[in-house]
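As structure tokens, the structure follows; a few thoughts come after it.
Readers should treat all values here as calculations from the given coordinates under stated rules, not as data from a laboratory. Please read these numbers as outputs of a predicted model, since none were measured by experiment. Virtual Cβ from ideal backbone geometry, glycine too; neighbours counted across all protein chains shown.
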Amino acid sequence: MSRIEDSQRESHAPTPRACSGPGAALQPTYVPFGIRTVQVRIRGDDSTVNGMITQPRTRRTLRVRSVPMLVTVLLLAMLATPAMAAPPPSPATLTSASSPVLAATATADTAKQRAIRRGRRAAAFARRQLGKPYRWGGTGPRGYDCSGLTRAAWSKAGKSLPHSSRMQAKATRRVSPSKMRVGDLLFYGRPVHHVAIYVGKGKMIEAPRRGLNVRNVPVRHRGRVKVGRP
């Protein structure tokens, strides 16, 4: 029966003794394994294998007197050796791997911010026209009709629109009334025959009709109005 002797040692490993007998010429073999060292001694006289595994932390020595038990101890040492964890990816690797996604997100955010700024510029221009008279076919600066006002406002924001409320409805992207933002155009009628510009806080600016001036009024028929975004 194989026997394991477990004893506390002050030193890491005992001093190896010289071999004797027919196998005296064989030298001790040291097999490095992780942070531990396995010393195997082969005796030729009685074919006995001595194995030692030294654990520096606890200074504990295990002596094994048979080959199967030595193999078992070696396997246990392999399992006890901490696996080397893969190093975490560097920030540069993470950045390079996610750069296409980040670039696409940044591009989308930049385009949205530009569109918001253009809408605000168009609304700011419309505010400066408040009080000017309605003039049929007018595109400013002395007077405007409804589509002439929105056309002039978006022209200042860098967007060219046709001088017709119906054509402007076709030239803009449809948006839900619940998601309209400053600068969006509001279309009325079936077929469309009037247009105004949304300026925020539930208000719009329009050139209403002959005899009235450009004015800032609450959005009418908010649930049924058609919203277009240039």
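With Ala196, Ala207, Ala157, Ala152 as the choices, which residue is surrounded by 15 or more Cβ atoms within 10 Å (Cβ to Cβ), farther than 25 Å from Lys112 by Cβ and small (Gly, Ala, Ser)? Exactly one of Ala196, Ala207, Ala157, Ala152 is surrounded by 15 or more Cβ atoms within 10 Å (Cβ to Cβ), farther than 25 Å from Lys112 by Cβ and small (Gly, Ala, Ser), namely Ala207.
Of all residues in the stretch 172-224, those satisfying the criterion of being part of a strand (DSSP E or B) and of a type in the set (Lys, Arg) are Arg173, Arg174, Lys203, Arg215.
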